[in-house]
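The values are calculated or read from the model by the stated rules, or taken from the named source; none is laboratory data. Given the structure is predicted, the values throughout are model-derived calculations rather than measurements. Methodologically, a virtual Cβ is constructed for each residue, glycine included, from the backbone with ideal geometry; neighbour enumeration extends over all protein chains shown. These area figures cover heavy atoms from the full protein model, side chains too; ligands, DNA and RNA do not enter into them. Shrake-Rupley method; radii C 1.70, N 1.55, O 1.52, S 1.80 Å.
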Amino acid sequence: MSSIDTWVSEFRARSAQLPGAALPWLAAQRQHAIERFADEGWPTRRHPRWQHTSLAFMEQQEFAPAAQPVDAAAALAALRGDETGHWLVFVGGRFAASLSDIGPLPSGALVLSLAEALESHSEDIEAAFGNAADGDSPAALNTALAADGAFVRLAPGVALDAPLHLVSIAGASEASRHLRHLVVAGSGAQATVVEHYIGGGQSASLTTAVTRIMAEADARITHLKLQQEAEQAIHLASIASVQARGAHFASHSLSFGARLARNDIRTRFDGEGCEALLNGLYHVDGRRHVDHHTCIDHARPLGNSREFYRGLLDGQSRGVFTGRVVVARDAQRSDAMQRCDNLLLSRQAEADARPELEIYADDVKCAHGATVGEIDEDSLFYLQSRGLDEIHARRLLTYAFAAEALERIELMPLRSRARAALLARLPGGELLEELL
Amino acid sequence: MLDINNLQASVEGKAILKGLDLHVKAGEVHAIMGPNGSGKSTLAQVMAGREAFSVDGGSVTWDGQDLLAMPIEERARAGLFLAFQYPVEIPGVSNAYFLKAAVNAVRKHRGLPEFDAMDFLTRVKAEMKAVGMKEEFLYRSVNEGFSGGEKKRNEVLQMALLEPRLAILDETDSGLDIDALKVVADGVNRLRSPDRALIVITHYQRLLDYIVPDQVHVLSHGRIVRSGGRELALELEEKGYGWIGDSGEVHHQPPAAGAAS
């Protein structure tokens, strides 16, 4: 069972064995977090940030370990292909050193598993870890139970030469996994971090993930998340970034898997002249549900944010997007633009797109727009009039709608990877492979 | 080759084609002229299978087949081509992919081997040269950000690649400068052959300086009200459409000497 009591008992059973259990600050945060979770419970529609996604069902949800053995090495090989770069692999929420391939790092770059880093760099982690009050109750559950993740620290001016891939593979023996990734980028540092979530069998399982990114002045961090978990998985994640003066943060959230996926993505401009791109693409079908809840906090002047989300909704699925933008009183000359476009592939699918603008400054540019539509009849007719059959034409137009989101991914290997993941989701994707 | 008899079509309950007759033989080029709103584009769209129009009566027989019973893509595969008045922009789909998918869909239907990437590129590059399109247009999204002239060239390119047996050009000349107009005309003229027929829909006679039609028809209020040789186009140019009359009454004029009927 996944009732609150079950999780509290689980915490009691596990907490003494969690990495860093001996660190008083960490033990205290974990204790506070589980207390907060027990107090608040799973969010329901009554919660202002969860109006379209209730987790009330979690109280009765059973989670079980995968029935079959998991060949994590094979899953990783299939995912990785021949791509180079730095790879940290987590199986069942624990760092798997034998599958990982961190490779040579530039001097000034530190990449460790969180469990290791708690041994060797506990003070750095304390500063970056976050606390029990962060996020909503699922994030608090993660704070209490997260046993591993990645710790990345870049000295000022250090640029990672290749993307850092953080791969979560559902294991055979656990019903839930809780990952916490911390990225601390010194001024002018640059990195691309890619989170992958794969696996999970026929039985329901839970992934929680919290990613915290601290970008010092003029740092440039690109974060890409590719969520392809099994269709019985529940995926609850948050990504929180804080940007100092002139820092640049790009987030690409691609959500294709899981029965229910929720991503809370927020960034705060803590200095002048920050830039953020929040790009997203989701595909759900059947009775699956995806929710992106984003917040861009223009706390300081001269910030620029661009947000683009696209959804493909089939079957009786539901896609939810909330785009909150806050412009503080002295954050003059902020420029925020937001769009959310959904393509309904079935009459029973449902899209919710909600901008939430809170603007306290007077010299700002803020624009938002949302559309929900079906495949354009004129385009369909045009393609068919050239000999393409209706199914091919529909698939092509569906792909084309989604492809616009992929074009914002600058690194070509990542864009190709995202494209392949999308085509693998779409019916008839093999027909469109020539697009690659 | 093509026999349209008493064709009636409407959109959202509004009758547009009100008993149209047209007969085109293989090897012929027919021009259809007429004022705005006379039904020219509706005729083109109905022929290509646009479902927004409902066919309320009449028949269209093409090589002995009931054209109206064929699905859109079957018409295309059998060799019907419509050059759109307003070609659609399709962001995210490269022109190269689109053209190759179209050509191979048609080739497959005709029992020809599908082009592989190399053969296709060789073929398409040659045709692009002929219509004056730069290669970069292969890698851009279909019609996205193309100028009016570039879109029309892309239509003519598709026509050349698909080698239709019956091509309908819906005001492909409108809004074009003289160079683009010549490209369109050249595309049509290169396609002319004894086993093909072409229908050129135009508002202006200008195009007919470069494409010499076998017959010219005047469409008004959903019917062909005048048919004649190419001198009918010149007459229209001189007098405008006003003299045709608003009644939609059919005037019969014997075809001019030399014109096929």
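Computed on segment A:378-436, the Cα convex hull volume stands at 76 Å³ per residue. A Gaussian network model of chain A, with springs between Cα atoms under 10 Å, assigns the largest mean-square fluctuation among A:Leu281, A:Leu76, A:Leu224 to A:Leu76. Both radii are taken from the alpha-carbon atoms of segment A:86-175; with Rh as the Kirkwood radius, Rg/Rh is 0.98. Only helices enter this figure: runs of n ≥ 4 DSSP H residues, each worth -39500 (n - 2.57), summed and divided by the residues of chain A, yield -7000 deg cm²/dmol at 222 nm to the nearest 500. Nonpolar atom fraction for segment A:378-436, defined as the carbon and sulfur part of the 1.4 Å probe accessible area, stands at 50 percent.
Taking chain B as the reference, fit the longest principal axis to its C-alpha atoms, fit the long axis of helix B:117-131 to the helix C-alpha atoms, and give the angle between the two in degrees, 0 to 90, nearest 10. Rounded to the nearest ten degrees, it is 50.
Ellipsoid fit via the Cα gyration tensor, segment B:95-216: semi-axes of 24, 18, 11 Å, each the root of five times an eigenvalue, largest first. The mean accessible area for residues of the protein assembly as shown, using a 1.4 Å probe and ignoring ligands and nucleic acids, is 39 Å² per residue. Checked against a 26 Å cut-off, the cross-linked pairs B:Lys151/B:Lys182; B:Lys40/B:Lys152; B:Lys100/B:Lys152; B:Lys129/B:Lys182; B:Lys129/B:Lys151; B:Lys40/B:Lys125 give Cα-Cα distances beyond that limit for B:Lys40/B:Lys125.
Give me log10 I(q)/I(0) at q = 0.14, 0.25, 0.27 Å⁻¹ for segment B:1-40, Debye formula, one equal scatterer per alpha-carbon, no solvent. The Cα Debye sum returns log10 ratios of -0.38, -0.94, -1.01. Beyond 21 Å, the tail of the calculated P(r) for segment B:85-157 holds 24 percent of the Cα pairs. One decimal place: the segment B:Glu51-B:Ile178 gains 42.3 nm when fully extended, by the rule 0.36 nm per residue minus the C-alpha distance.
Approximating the spin labels as points 7 Å out from Cα along Cα→Cβ, the B:Ala117-to-B:Glu136 distance works out to 2.2 nm.
Applying 1/(1 + (r/R0)^6) with r as the Cβ-Cβ distance of A:Glu123 and A:Asp161 and R0 = 30 angstrom yields a FRET efficiency of 0.60. Only bridges whose two residues both fall in the protein assembly as shown count here: according to DSSP, what percent of them are antiparallel, nearest 5? The antiparallel fraction comes to roughly 15 percent.
Report the percentage of all Cα-Cα pairs in chain B whose separation exceeds 27 Å, rounded to a whole percent. Result: 36 percent of Cα pairs exceed 27 Å. When chain B is treated as a GNM with alpha-carbon contacts under 10 Å, the residue of B:Leu121, B:Leu112, B:Leu67 showing the greatest mean-square fluctuation is B:Leu112.
Which of the residues in segment B:62-82 show a loss of at least 40 Å² in accessible area from their chain by itself to the complete set of protein chains, at a probe of 1.4 Å? Output list: B:Ile72, B:Glu73. Radius of gyration over Kirkwood radius for chain A, both on Cα atoms: the Rg/Rh ratio is 0.95. Between B and A, roughly 2200 Å² of accessible area is buried in total, ligands, DNA and RNA not counted and the probe set to 1.4 Å. Helices in chain B, meaning DSSP H runs of at least 4 residues, each add -39500 (n - 2.57). Divided by all residues, the mean residue ellipticity at 222 nm is -10000 deg cm²/dmol. Going from the isolated chain to the complete set of protein chains, segment A:364-409 loses at least 40 Å² of heavy-atom accessible area (1.4 Å probe) at A:Asp378, A:Phe381, A:Tyr382, A:Gln384, A:Ser385, A:Arg386, A:Gly387, A:Leu388, A:Leu396, A:Ala400.
As a ratio to 2.2 N^0.38 Å, the alpha-carbon radius of gyration for segment A:102-145 is 1.43. Per the 1.4 Å probe, what fraction of the accessible area of segment A:61-377, in percent, lies on carbon and sulfur atoms? Here it works out to 46 percent.
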